[in-house]
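Working notes, beginning with the structure itself.
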Amino acid sequence: TAALSIHNLQKTYEGGFQALKGISFEVQPGDFFALLGPNGAGKSTTIGIICSLVRKTAGSVSIFGVDIDSDFAAAKRLLGVVPQEFNFSQFEKVFDIVATQGGFYGMPRKLAEERTEQYLKQLGLWDKRHTQARMLSGGMKRRLMIARALIHEPKLLILDEPTAGVDIELRRSMWSFLEEINARGTTIILTTHYLEEAESLCRNIAIIDKGVIVENTSIKSLLKTL
Ligand code: ADP
Ligand code: ADP
């Protein structure tokens, strides 16, 4: 079974704009996959549909064989998403933001706290555990979102433009962290509009433009054609 299977996905926004014109692609378990495309291509729309924040017009999405329409709760347990916008409470403390998320998955508090410690340490945020989120830099907020998305150890992690606005040094350390997570068996999909980012991290790629998948191949073969 594919880690993610998207079939003929369509989205027409209210007002009639067709953001996705029937896209299909699959991501295999263990892959590090890039969804690459310019601004406005339909990347965030695709991710919004996968995590049920955006209602699709037509098509289907399944995660490790679980159709999101038939069992979203089961699909959600397999999925971690890092959206572009910071959507945690600015006045809550870093540790609590991550640990509380465990409760949403019915995780015992002790386990949630252990994992919170583990991921905050790995992401260089342990010193900030008592700090309110609003005091963090942009790069730290991004890493906080990643820690929170990992608390239930999802089999599939999806990140929407994870390094947008992050400086080059920090970008490298985020990349190596993601590579580590992937090496431990987590399937990762990221969206980006930098070919360079896709190139340095990912094995396979789909290129989306104006709501259409225009290329779906390995990074190696893509680079040969350029
Ligand atoms: P990307 O993430 O690749 O930049 P998006 O999925 O955010 O692209 O947007 C795809 C297209 O859909 C864009 O043209 C955008 O303006 C449009 N769009 C996104 N959200 C809405 C919305 N809520 N209503 C109408 N159009 C939207
Ligand atoms: P910015 O100011 O660009 O938003 P941050 O303030 O988030 O960056 O980063 C603070 C420091 O933490 C940086 O010097 C960066 O190298 C370091 N850092 C980033 N990621 C990690 C990580 N995964 N583990 C340890 N340290 C990190």
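Assorted remarks:
- Flag if I188 is buried (at least 20 other Cβ atoms within 10 Å of the Cβ) and over 16 Å from the mean Cα position of the chain (by Cα): no
- Some residue of segment 172-182 being closer than 26 Å to G139 by Cβ and not in a helix (DSSP H, G or I): no
- Failed criterion for V214 (all others in (1) modelled with pLDDT of 95 or more; (2) within 16 Å of ligand 2 (Cβ to nearest atom) hold): (2)
- So S70, is it closer than 30 Å to E14 by Cα, among the polar types (S, T, N, Q) and exposed (fewer than 15 other Cβ atoms within 10 Å of the Cβ): yes
- In this structure, L79 does not satisfy being closer than 18 Å to E215 by Cα, away from ligand 1 (no atom under 11 Å from the Cβ) and of a type in the set (A, V, I, L, M).
- The residues on offer are A112, A99, and the sole one that is in contact with a Gly (Cβ under 6 Å, 6 or more places away or on another chain), surrounded by 14 or more Cβ atoms within 10 Å (Cβ to Cβ) and of a type in the set (A, V, I, L, M, F, W, C) is A112.
- For segment 33-67, the set of residues classified as of a type in the set (A, V, I, L, M, F, W, C), without any contact (Cβ under 8 Å) to a residue 60 or more places away in the chain and surrounded by 16 or more Cβ atoms within 10 Å (Cβ to Cβ) consists of I49, V54, V61, V66, listed by residue number.
- Restricting segment 80-93 to residues that are touching a strand residue (DSSP E or B) at 6+ places or on another chain (Cβ under 8 Å) and within 18 Å of M135 (Cβ to Cβ), the residue that is surrounded by the fewest Cβ atoms within 10 Å (Cβ to Cβ): F91
- Qualifying residue in segment 219-226 (condition: without any contact (Cβ under 8 Å) to a residue 12 or more places away in the chain, within 25 Å of I23 (Cβ to Cβ), in a loop (DSSP other than H, G, I, E, B) and away from ligand 2 (no atom under 16 Å from the Cβ)): yes
- Condition check for K21: surrounded by fewer than 17 Cβ atoms within 10 Å (Cβ to Cβ), within 16 Å of ligand 1 (Cβ to nearest atom) and part of a strand (DSSP E or B): yes
- Restricting attention to segment 147-176, the residues that are near ligand 2 (Cβ under 9 Å from one of its atoms), among the hydrophobic types (A, V, I, L, M, F, W, C) and closer than 19 Å to I47 by Cβ total 2.
- Filtered residues of segment 118-133 (kept if of a type outside the set (G, A, S), buried (at least 16 other Cβ atoms within 10 Å of the Cβ) and in a helix (DSSP H, G or I)): Y119, L120, Q122, K128
- Pick from segment 142-178, criterion within 16 Å of ligand 1 (Cβ to nearest atom) and at pLDDT 90 or above, ranking: nearest to C51 (Cα to Cα): I158
- Which numbered condition E179 misses (of (1) within 16 Å of ligand 2 (Cβ to nearest atom); (2) out of contact with any strand residue (DSSP E or B) (no Cβ under 9 Å at 6 or more places or on another chain)): (2)
- If the condition is being loosely packed, with under 15 Cβ neighbours inside 10 Å and either under 22 Å from F104 (Cα atoms) or small (G, A, S) (or both), then segment 134-150 contributes S137, G138.
The values are calculated or read from the model by the stated rules, or taken from the named source; none is laboratory data. Being a predicted model, the structure only gives us computed values, none of them experimental. All Cβ positions, glycine included, derive from the backbone under ideal geometry; neighbour counts span all protein chains shown.
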